[in-house]
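Chemist: One structure, pasted below without further comment.
The values are calculated or read from the model by the stated rules, or taken from the named source; none is laboratory data. These numbers come from a predicted model, not from an experiment. Reconstructed Cβ throughout: ideal geometry from the backbone, glycine too, with neighbour counts over all protein chains shown.
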Amino acid sequence: MPGNALHFRDLVRISAYTEELKRLRDCGDDAQIDRAFNAACGQIWGYSLEDFDDANLSPKDLAWLDRMTWKRACKFAVENGYDLFDYGTSEVVTDWWGFTWMILAEKRGLLTPEGRSRTWRRRDAHVIPFPERREGK
């Protein structure tokens, strides 16, 4: 048996954190869905998709994500200690693609306080383009 084999019982079950997301998936309110997704990510990782952006990933990673299927996402998740399958619904979790982003971000070491700060500084530079705004004038 390989030394790095994962035991099924050791996987983090993403579905254990997605009850609210599951409830909202057909509500049509993207803001509520985003809040539920970010809350689930916060419970799992302490970070959300708001804490990093495309600029943090390589073009190769972005192309890989663009070609992602739910089956490949499930395999990638298991290889990295997570389970994207919801055994209560017999389906992959709602927003499996977003959770795949988070797993990749963790794998790339992006989920850190420093990474979060860099991302938010970059965003602030776009949102608050005038120096007087930054100084509170």
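Chemist: Taking the condition under 16 Å from the mean Cα position of the chain (by Cα) and hydroxyl-bearing (S, T, Y), does T69 pass?
Modeler: For T69, the condition - under 16 Å from the mean Cα position of the chain (by Cα) and hydroxyl-bearing (S, T, Y) - is met.
Chemist: Tell me which residues, restricted to the stretch 71-91, are crowded, with 21+ Cβ neighbours inside 10 Å and either under 26 Å from A31 (Cβ atoms) or of a type in the set (S, T, Y) (or both).
Modeler: Within the stretch 71-91, A73, Y82, L84 meet the criteria.
Chemist: Pairs needed: first member in the stretch 89-102, of a type in the set (G, A, S); second member anywhere, part of a helix (DSSP H, G or I); C-beta distance under 7 Å; at least 6 residues apart or different chains.
Modeler: G98/F37; G98/L49
Chemist: Just name the residue that is modelled with the lowest pLDDT out of those in the stretch 30-57 that are under 22 Å from E91 (Cα atoms) and either in contact with a Lys or Arg (Cβ under 9 Å, 6 or more places away or on another chain) or exposed (fewer than 13 other Cβ atoms within 10 Å of the Cβ) (or both).
Modeler: Top of the filtered list is D30.
Chemist: Can you tell me which residues in the stretch 87-115 are under 14 Å from the mean Cα position of the chain (by Cα) and over 14 Å from D53 (Cβ atoms)?
Modeler: Of everything in the stretch 87-115, those that are under 14 Å from the mean Cα position of the chain (by Cα) and over 14 Å from D53 (Cβ atoms) turn out to be V93, T94, D95, W96, W97, F99, T100, I103, E106, K107, G109, T112.
Chemist: Being β-branched (V, I, T) and over 17 Å from L104 (Cα atoms) is the requirement here; does T69 meet it?
Modeler: No, not satisfied.
Chemist: Just checking, which of T94, T18, T100 is modelled with pLDDT under 90 and surrounded by 15 or more Cβ atoms within 10 Å (Cβ to Cβ)?
Modeler: Matching residue, one of T94, T18, T100: T94.
Chemist: Name the one entry in I44, I33 that is among the β-branched types (V, I, T) and more than 20 Å from G115 (Cβ to Cβ).
Modeler: I33
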